Amino acid sequence: MAEKSFLEAELEDLRTRCERVVEGSKLIACVPQVVQVKITRTSFKELTAHFQFGPDYPASPLVIELKSKPLDFKLLQGLEKICHEEATKYLNKQQVIPLLQFIRKFIDENPLCVCRGELAHIQQNLLQEGDTIKLKQKSSQIHLMVRGGPYFIKMCFTVPDYYPLEKLGVECADHNFPELFKQNFIGHCVEIARKSVEPPIRKNPKAPPFEPKPSLKAIADFLFTDCVKRYYKEPCAACKAHALPPDPKDIVKEPRADNHIERVYCGHIYHHKCLDTYMKTPPFTGGKKCLSCSNRIYHEKWSITPEVAEARWAHKQAKDRELDEVIDFLK
């Protein structure tokens, strides 16, 4: 009986040991022309490795191609290059199982691989001078600092193992915005993360079935475009003067002070005095509208109905007239 070739022996060993020694692996094809193995950690961390043998194998490294629906294409290209370099360490030896173990280890040790496309979006389209992003693979965290002029916010995002099926963790590490702004920023980010994994309570019968989706890109877009890069230069919608002070140390914290910054529901900002004057001045019919976007103004400090606001204004006008009459009488 003829002795088995090196390749035949490796293929037989692969059929026997692959799924046992490479966690989460499934052998799809195992013939001299090609070996295909699917490696799965989660449904969003899975790929298929294709191996082809050169005519002088194992003296030359395997030809490796990686395919995956959920993982980013450029991530796979980079991993292919690393795998080729790894294969050169096993010349004249079996290469398939060591490379499969290497790929599995890479997936385990790089939990942020699942959001590679979103990270590329942040790095290529959002980061500007002064902004930073740091990846912590061991803790599966993303540390992001966004600057707008002298203002900044530092965020920490924790990517769970089953992201995007599980909710992205959102924390604020530091900031120098008014506290109310920070609370709004974080609250909105948390809500984006929640809505990405939880179906709405009131379902639209015409809407397609709910499916969890990634939230990191949406949160980053919100922070950069609608928050930090916007508010440091946003004017008061009433007086048009710069709202936030040039130096964050001069932020007014007294909620009733004239220059305290108020943010209304639509997102536009006012000085407290400017908004208070506007909210207490006619017309009141239909509720007060934002001077920037014409949407109805909602704010907890000015929550009375248009009818009550008009009655209070009329009462104040009557009091002022009475006071003027008294002053004229005493002259």
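Each reported figure results from applying straightforward, stated rules to the coordinates on display, with no laboratory input. Worth saying up front: this structure is predicted, and the values here are computed from it rather than measured. In this analysis, Cβ positions are derived from the backbone assuming ideal geometry, glycine residues included, and neighbour counts consider all displayed protein chains.
Computed quantities for the displayed model
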read-out	value
Relative pair counts by distance (%), Cα atoms of the chain, 10 Å bins	5, 19, 19, 17, 13, 9, 7, 5, 2, 1, 1, 0, 0
Fully extended contour minus Cα-Cα distance, from K136 to W302, at 0.36 nm per residue	55.3 nm
Separation of the E171 and I82 label points, Cα + 7 Å toward Cβ, nm	2.6 nm
Compactness of region 24-178, expressed as Rg and Dmax over alpha-carbon positions, Å	19.3, 68
Selection from L47, T88, F73 lying farthest towards where the dipole of region 15-104 points positive, charges on Cβ	L47
For region 6-109, radius of gyration divided by Kirkwood radius, i.e. Rg to Rh on alpha-carbons	0.93
Distance between region 42-82 and region 193-226 - C-alpha centres, whole angstrom	32 Å
Debye, to nearest 20: dipole size of the chain, +1 on Lys, Arg Cβ, -1 on Asp, Glu Cβ	540 debye
10 Å Cβ shell holding at most 12 others, DSSP loop, GluC sites (Glu not before Pro): longest site-free stretch of the chain	130-331
Sites matching trypsin sites (Lys or Arg not before Pro) across region 1-104 that sit in DSSP coil, with at most 16 neighbouring C-beta atoms within 10 Å	K4, K93
Charge dipole of the chain about the Cα centre (unit charges at C-beta), most positive-ward option of P178, Y57, S294	S294
Selection from I201, V146, A220, by position along the positive dipole direction of the chain (Cβ)	I201
0 to 90° range, to nearest 10: angle between helix 73-87 axis and the chain longest Cα axis	30 degrees
Listed residue pairs exceeding 21 Å between alpha carbons, taken from K45/K81; K134/K154; K38/K105; K195/K301	K195/K301
